[in-house]
Amino acid sequence: MPVSNILVVSHGGFLNPVLRELTGNGRAWSKFGDTGFTCLRLSREGHTVGVLGVQGQPHLA
């Protein structure tokens, strides 16, 4: 059974280079605050990554 959801809990200093590598954008940088999250959509067929949102905090609203 293929995995459909993965949760990674990490520091923004680690996530920034991971996002740059996944998206192929070597100059991208995101400010990650406390308890924020980023959503990605990974395509196995097209080998692409779509960034759906960065630094989401709807739980604090």
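All of the numbers you see were taken from the coordinates with simple rules; none came from a lab. Given the structure is predicted, the values throughout are model-derived calculations rather than measurements. Every residue, glycine among them, receives a Cβ derived from its backbone with ideal geometry; neighbour counts consider all protein chains shown.
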Find how much the distance from residue 18 to residue 37 grows on full extension, using 0.36 nm per residue of separation minus their present alpha carbon separation; answer in nm with one decimal. 5.4 nm
Label point distance in nm, residue 11-residue 45, each placed 7 Å from Cα along Cα→Cβ: 4.0
With Cα atoms, 0 to 90° folded angle of helix 12-23 axis to the chain main axis: 30
Among 61, 11, 29, flag the residue with its Cα farthest along the positive direction of the charge dipole of the chain, charges on Cβ as +1 for Lys/Arg and -1 for Asp/Glu. 29
Which labelled figure in (i) 12.4, 36; (ii) 12.8, 44; (iii) 12.1, 42 is Rg and Dmax of the Cα atoms in Å, once derived from the coordinates: (i)
Total charge dipole magnitude, the chain, about the Cα centre, Cβ charges on Lys, Arg, Asp, Glu only, Debye to nearest 20: 120
